[in-house]
Amino acid sequence: MKIRNSSVQLLLLIVTAILLVGPGSVAAKGLKPVNVTFYVSEIEVKGATDGIPAPKIDPATLSKGYRYKPPGKYDSKNPKKWQVSTYMFNPAAMTVYQGDKVTLRMFVVNGDKHINWVEAPDGSHASKEEISNRGREYLVTFTAKQAGYYVLRCDEHEPTMRSIIFSVPSD
C-alpha cells in the first residue's frame, strides 16, 4: 500500500500538536501570560440567483443565522430571483494559552444588530455582552482563566455566528 505524502504530513502535524499541547506537554509549562489581540470581522455572506429553483423550505426557519428573500420579494423586476445569506465571525477559530489576556478587535462589516459575548468553558460569561452594528469597531476583552473552549457568540445569529477560542492548558 502506497502512503501519500499529504497523509504523512497530516500524521506528523497531529503528532506534533499532541506533543506540544496535549496532556503532559511541556510547551505551555512555565509560560507567562501575555496579551493577545485578534482582529475579528463580523460578516454577512449573501448569494442570489435566478438560475436554479428556490428552496422548498425557507432557510430562515432552520436557523437564526440564515436569511432568505424569496422570488418576487428580492427583486420585483425579476420574479425568479431570490437570495440567501448567513452570518459568521472570521476567523472561526483562535488559540491562546491559559492565563492570556485576550482582546478581540471586532469590526462589523454587515448586520444592523449583533449581541456578542464570550462563553467560558464552564458556561459562564467570560466577557460582558456587547451590542454592535455595522461600520464600527468594538473591543471585547477577557482573560482565559480556564483551559478549554471559549465560544464567541452572537445571540442574534445563532448558531452560525460562532467562533472558537481554544485555551491551551498552562500546567
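Where a number appears in this text, it was derived from the coordinates with a stated rule and is not lab data. Treat the numbers as computed from the prediction; the structure is a model and nothing was measured. Positions of Cβ are backbone-derived with ideal geometry, glycine not excepted, and every protein chain shown enters the neighbour counts.
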Among the residues in region 149-167, are any over 14 Å from the mean Cα position of the chain (by Cα) and surrounded by 18 or more Cβ atoms within 10 Å (Cβ to Cβ)? yes
Out of all the residues in region 84-122, which are surrounded by fewer than 20 Cβ atoms within 10 Å (Cβ to Cβ), among the acidic types (Asp, Glu) and within 18 Å of Lys145 (Cα to Cα)? Glu119, Asp122
Could you list, in sequence order, all residues of region 28-76 that are in a strand (DSSP E or B) and surrounded by fewer than 15 Cβ atoms within 10 Å (Cβ to Cβ)? Asn35, Thr37, Tyr39, Ser41, Val45, Lys46, Gly47, Ala48, Thr49
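Of Gly72, Gly99, Gly65, which residue is small (Gly, Ala, Ser) and under 19 Å from the mean Cα position of the chain (by Cα)? Break it down stepwise before answering.
Values: Gly72 fails: under 19 Å from the mean Cα position of the chain (by Cα); Gly99 fails: under 19 Å from the mean Cα position of the chain (by Cα).
Only one candidate passes the filter, namely Gly65.
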